[in-house]
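Taking it in order: structure first as structure tokens, then the write-up.
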Amino acid sequence: MKTLFLTFLCTFFFSIPVFSQSSRDAASIPDSLKKHADAVIREYQVTYNRTGAGSYSRKVHLVATILNSNGRGEANLVVMYDHNSNVSQIGGTVYDAHGKTVKRLRNKDIRDFAYNESYTLFGDNRVKFFRPAYKLYPYTVEYYYKVNYNDLVGFGNWVPASGYNTSVEKAELTFITPNKFQLRHKDLNSDFAFSQTTEKNTVTYHWQLSGFKALEWERLAPDFMDVFPVVLLSPDDMSYEGTTGNFATWKGYGAWTYQLIRDRTLLPEETILKLFRLTDSIPDKRDKVKAVYRYMQKKTRYVNIALGIGGFQPLMAEDVDAKGYGDCKALSNYTRSLLKAIGIDSYYTVIGSGDYRQIKYPDFPGASQMNHAILFVPLDQDTIWLECTNQQIPFGYISLDNANRFALQISAEGGKLVRTPKYTEKENRRDSHIQVNLQNNGAASFQLNSEFEEGEFEDVFGVLHLSSKEQKDALTRWLNVPGLTIQNFSMQDISADTAKAKLNVKGETSRYAIPTGNRMFVSTNFLIENSFPSHLSTDRQLEIYQRTGYTYKDTLTITIPDGFKVEYLPKKTELSSSFGDYEINYGQNGNNTIEVTRKVVIHQGKYKADDVKSINDFLTGIASQERQKVVLVKKV
């Protein structure tokens, strides 16, 4: 036993890089790296060693100083693995502010459990996890681990700084590979110190980053991948659970994906007969597609499958048909199979969904840019895109998470980059009509009628299919109304050719206006809060990124209480900037009605940090206008 213990110690000391003890002492951190920082990455070494077409190891050594409670996330040890990998080394130490040891990790300190989302039915992801209980700031953690992989689709991205308010003192990435295996790499947002050497049949790549200063989060910040230092890594040749492929091109990646979906469209004869009975009497091909899509939505539900190759390969269509569930891959393939059964071609399409995952770099094929599957249906005079994972989403609407980006269309010829539709500022609309009946004490009753279209539809989509109580609770939180009482309301999906919802609310507010002496000051409250900010900090470091454009069009009618008349109406105002356009107009209909019309257009776009002054002038100008008051005075 003593000999075995000594051997383990020798293995530990020789396999972990030796750094100076100062990297454990919080006082040695340069002041420049403490500014805006909740945590500082002192040392971060990642070493990949590829040994075959489908095998490699990943060794990590991390030293991080946690400056305050907001940085505690950087203190967690999180090591993911599955049935195609194993953790062969793991350990760590916690130090106090002066670099003195507080705790050495033992095996029993590290939890090991299955790690799957609640919507995952089958998955083999596991995690080894440790969170220090120590809370005397600052303190430092040091972790090391090694994971061995037996299959390969991609290496993931190297991200030295995990997010805002984290500095990096020194980080290094080393990739060692036989020269017969090509490594593609792409550096983002930093001038990394880079070297590449070849010795005999081995190529070594090395990146280093030093002195990265913490960034503060800013409203309307660009995507993570447009801000932080990242190195993208991808293999050319790969091998995964008995399949092989070459990812040097998107065509090659698509060819591998086609292997996984080929021959998975078989359906039971009974289902095919149902489809013919459902669609035979429908003359228009688009309407046939809609009928099949509705059939799929009613028959299935979303359940994630993340078990081995099931993370990339869809369930057989006949299995989805029998079980009534599937993930994005399975449901997209099932819908493809249903359409194929009635003679309509469609294409399984893989895509990066959401703000933080998309094919941003079309010159860099690889799995790390995609996380979702949808369906592309080309017709003679039309193109239909289908999001198959949501049983309530309108036909032909794929959401802002999938819009206006590259996707990879899969066919027998391989992969082909295509572009998903863009929802424009004219299409993303919110139109509201608000009738306010003002009382002489400043309270009011109101009727709100709003329609939400395309991108704005998503503002209400999440509550359309909730219970009445849940909808009412959501409206109470959402409406910008002091002293709100909702008397009745209705929410309805009225989608046809576009995604569209209708909201009607009847209610009361205890304070729509402020009575003072003989006067009443009336706010122009449009009830629904603006999505755009009222101002931006002018001490701006990052570019300004408005992800989507949209339009608000509002008509507010205020009935004046008996005994009052209008003393003052604000003037019509128009504001314009590169960020958007704004117009508000006040008028009086007869003696007892005020009408306020407003139109706001926000443009999608990316703007330089130097543009913040002009954009902020626009935003604060709107805020100033919407603080304007209509003044009523008692009649004499």
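Evaluate the relative contact order of segment 249-419 (contact order divided by residue number), counting alpha-carbon pairs under 8 angstrom at least 6 apart; express in whole percent. Taking the mean separation of contacting Cα pairs over the length of segment 249-419, I get 29 percent. Sparsely packed loop sites in segment 208-314 (the chymotrypsin sites (Phe, Trp or Tyr not before Pro) outside DSSP H, G, I, E and B with at most 14 other Cβ atoms within 10 Å) comprise W217. Of D263, D25, the order by accessible heavy-atom surface (1.4 Å probe, DNA, RNA and ligands excluded), from most exposed downward, is D263, D25.
With Cα atoms defining each centre, segment 18-82 and segment 448-465 are spaced 43 Å apart in the structure. Inter-label distance, D562 to D539: 5.7 nm, where each label sits 7 Å from its Cα along the C-beta direction. Looking at segment 53-133, the chymotrypsin sites (Phe, Trp or Tyr not before Pro) that sit in a DSSP loop and have at most 15 other Cβ atoms within 10 Å of their own Cβ are Y119. Across segment 345-362, computed HN-Hα scalar couplings (Karplus, 6.51 cos²θ - 1.76 cosθ + 1.60, θ = phi - 60°) run 7, 8, 10, 4, 9, 9, 7, x, 10, x, 5, 9, 8, 6, 7, 7, 10, x Hz from first to last residue, x flagging Gly and Pro.
Counted residue by residue at 0.36 nm each, then reduced by the alpha carbon distance between them, the extension gain from T93 to K613 reaches 182.5 nm.
Applying 1/(1 + (r/R0)^6) with r as the Cβ-Cβ distance of K103 and E470 and R0 = 56 angstrom yields a FRET efficiency of 0.80. Three semi-axes describe the equivalent ellipsoid of segment 26-243; taken as square roots of 5 times the Cα gyration tensor eigenvalues and ordered largest first, they are 29, 23, 18 Å.
Rounded to the nearest whole angstrom, the semi-axes of the ellipsoid equivalent to segment 249-419, taken from the Cα gyration tensor as √(5λ), stand at 25, 17, 15, largest first. For a paramagnetic label modelled on N504 (point 7 Å from Cα along Cα→Cβ), amide N atoms under 20 Å away belong, within segment 424-463, to 430-437, 445-453, 457, 460-461, 463.
Compared with the direct C-alpha span, the chain from N404 to K360 gains 14.7 nm at full extension, assuming 0.36 nm per residue. Among the listed pairs K59/K128; K274/K340; K426/K506; K251/K606; K59/K213, those with a Cα-Cα distance over 19 Å are K426/K506; K251/K606; K59/K213.
Note that segment 481-581 shows a convex hull volume over its alpha carbon atoms of 202 Å³ per residue. Rolling a 1.4 Å probe over the protein heavy atoms of segment 449-527, with every protein chain left in place, gives an accessible area that is 43 percent carbon and sulfur. Since only S57, S28, V147 are under comparison, the one whose Cα sits farthest along the positive direction of the charge dipole of segment 26-243, derived from C-beta charges on Lys, Arg, Asp and Glu, is S28.
Go through E413, E583 and list them by solvent-accessible area, largest first, probe radius 1.4 Å. If you can, show how the numbers build up before the last one.
Numbers: E413 135, E583 75 Å².
Heavy-atom accessible area, descending, gives E413, E583.
Can you compute log10 of I(q)/I(0) for the chain with the Debye formula, treating each Cα as one identical point scatterer, at q = 0.05, 0.07, 0.08, 0.10 Å⁻¹? So the normalised log intensities are -0.32, -0.61, -0.78, -1.10.
A probe of 1.4 angstrom, applied to the heavy atoms of all protein chains, finds H36 with accessible area near 80 square angstrom. The phi torsions of segment 429-436, fed into the Karplus equation with coefficients 6.51, -1.76 and 1.60 and a -60° offset, translate into couplings of 10, 10, 10, 10, 10, 10, 10, 10 Hz, rounded to whole numbers, with Gly and Pro shown as x.
Across segment 46-109, the convex hull enclosing all Cα atoms gives 119 Å³ per residue.
Once the C-beta distance of T555 and A412 is scaled by a Förster radius of 51 Å, the resulting FRET efficiency is 0.40 to the nearest 0.05. Just to confirm my numbers, what's the Cα centroid distance between segment 252-272 and segment 509-556 in Å? Each part's Cα centre sits 51 Å from the other's.
Inter-part distance, segment 387-443 to segment 582-619, computed on C-alpha centroids, equals 23 Å.
Positive contributions from Lys and Arg (+1) and negative ones from Asp and Glu (-1), summed over other residues with Cβ under 11 Å from the Cβ of D611, come out at +1. Scalar couplings 3J(HN,Hα) for segment 558-570, obtained by applying the Karplus form with A = 6.51, B = -1.76, C = 1.60 to θ = phi - 60°, are 10, 8, 6, x, 4, x, 10, 9, 7, 9, 8, 10, x Hz; x denotes Gly and Pro. Counting only protein heavy atoms and a 1.4 Å probe, segment 535-636 has 49 square angstrom of accessible area per residue.
With 25 Å as the limit, the listed pairs K472/K565; K186/K416; K500/K599 have K472/K565 beyond it between alpha carbons. A Förster radius of 41 Å combined with the Cβ-Cβ distance from L569 to H36 puts the calculated FRET efficiency at roughly 0.35. Rolling a 1.4 Å probe over the protein chains gives E451 an accessible area of about 60 Å².
Spacing of the modelled spin labels on D380 and A114, each 7 Å from Cα toward Cβ, amounts to 5.1 nm. Reported value for segment 61-142: 103 Å³ per residue, from the convex hull of its C-alpha atoms. Partners of K100 within straight-line reach, counting aspartates and glutamates whose Cα lies under 14 Å from its Cα and excluding those fewer than 8 residues away in the same chain: D25, E142.
The values are calculated or read from the model by the stated rules, or taken from the named source; none is laboratory data. Treat the numbers as computed from the prediction; the structure is a model and nothing was measured. Note that each Cβ is placed from the backbone with ideal geometry, even for glycine, and that neighbours are counted across all protein chains shown. Heads up: the accessible areas ignore ligands, DNA and RNA and are worked out on the full protein's heavy atoms, side chains in. Shrake-Rupley method; radii C 1.70, N 1.55, O 1.52, S 1.80 Å.
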